[in-house]
Amino acid sequence: MFSLVIPVYNEEDLIQILFERTIRALELLPIPFEIICVNDGSRDSTYAKLLACHQKDARFKVLSLSRNFGHQSAILAGLHHAKGEVIGIMDGDLQDPPELFKDFYEKLEEGFDVVYAVRKKRKEGVLKKAAYKFYYRFLGRITSQDMPLDSGDFSIFRRNVLDKMLDMPEQSLFLRGLRAWVGFRQTGFEYERDERLAGDPKYNFARLLKLAYDGVFSFSRFPIKFVGYLGIFAVCFSIIYTIYLLSKKFFWGDVIEGYTSLILVIFFFGGVQLISLRILGEYVSRNYDEARGRPLFIVAEKHLGE
C-alpha cells in the first residue's frame with residue numbers, strides 16, 4: 001500500500017481540487033493507496049470539506065489536530081498513522097503536483113529507498129528564490145552529511161526509512177534533514193514547482209525563519225563553533241588595537257583619546273557577548289524542550305475508515 005500524507009491549514013478553496021487530483025493521480029499507481037489529510041487546526045471550513053471528501057471516498061482519510069501545531073508536526077502526525085510500505089509527503093497547496101508520484105514510484109522500483117523532489121525552477125519572487133537558494137547551499141556547507149539542495153518535504157520513501165525517522169523523537173523538527181540523515185539509497189527528481197492555485201501562503205517570514213533555524217541548529221555545530229571564532233577574533237582585535245594605541249603613545253607621542261576608544265571597545269565586546277549568549281541560549285532551550293518531552297501534536301479526531 002502507498003500512504004500519502006498531506007498537511008492542510010486554512011485551505012478551504014483547494015480541498016475539492018486536492019481531493020480530485022490526488023485520487024486521480026494515485027489511481028495510476030500499481031498498488032492500493034490511502035491519503036491521510038492532516039487538518040492542522042484550520043479556522044475556516046477546511047475540516048468540513050475534508051470530511052465531505054472522506055464520505056465520498058474512504059481512501060481519503062482525515063486526521064484533525066486539537067490546534068495549529070505547525071507544518072512539520074502535522075506531517076509527523078500523518079506519518080505516525082501511515083500504514084503503507086511506501087510513504088509519500090506532499091503539501092496541500094498543490095504547488096507540488098501529485099501526478100509526479102507515478103514517476104517517483106518508478107524511480108523507487110529501480111532500487112532506491114528515497115526519491116525526493118528537487119526544485120529546478122520556482123514560480124516565486126526574486127528575493128524569496130534567492131533566500132531559498134542561499135540557505136540550502138549554506139546548510140549544505142555547514143552540515144556533516146550530504147543535504148540535498150533545493151529539496152523540500154515533497155518525496156516518497158520506503159517503510160524502513162520511515163521507521164528510522166520515527167525512532168528519533170526530536171522536538172525541533174526538520175523532516176527533510178532527518179530524511180537525509182538516515183541515509184539508505186536516495187536520489188533526486190527534478191521538477192518545476194507550480195504557483196499556488198488559491199489562498200495565501202501559510203509559511204510567513206517568521207515560520208520560514210524558524211524552519212531555517214531548526215535546520216541549522218539540529219544538523220550542524222556551526223553556531224557554537226562560530227562563537228569560538230568570534231571570541232578568537234575579538235581577542236586578536238583587542239591585541240592589535242592595544243599595540244596600535246601603545247605605538248601612538250610611545251613612538252609618536254600622541255595623546256590617546258580614552259573616551260572614544262573605551263566606548264568602541266565596550267560596544268564591540270558587549271555585542272560579542274550578547275551574540276554568544278544568544279547562541280548558547282538556543283542550545284540550552286532546545287535541550288530543555290527535549291527534556292520536557294511534550295507531544296509534538298495532539299489528535300482531536302480521526303476519520304480513517306476503520
Any of LYS107/LYS302; LYS49/LYS102; LYS49/LYS107; LYS56/LYS120; LYS120/LYS302 with alpha carbons more than 30 Å apart? Name them for me. LYS107/LYS302; LYS49/LYS107; LYS56/LYS120; LYS120/LYS302
With the calculation restricted to Cα positions, what are the radius of gyration and Dmax of the stretch 1-92 in angstrom? 12.0, 37
Neighbour counts of other C-beta atoms within 10 Å: give me MET1, MET90 arranged from fewest to most. MET1, MET90
I need CYS236, CYS53, CYS37 ordered by Cβ neighbour count within 10 Å, fewest first. CYS236, CYS53, CYS37
Sequence of LEU230, LEU246 once ranked by neighbouring C-beta atoms within 10 Å, starting from the fewest: LEU246, LEU230
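Rule-based calculations on the coordinates, nothing more; no lab input. Keep in mind that this is a model prediction, so the values were computed, not measured. Cβ sites come from the backbone with ideal geometry, for glycine too, and all protein chains shown count toward neighbours.
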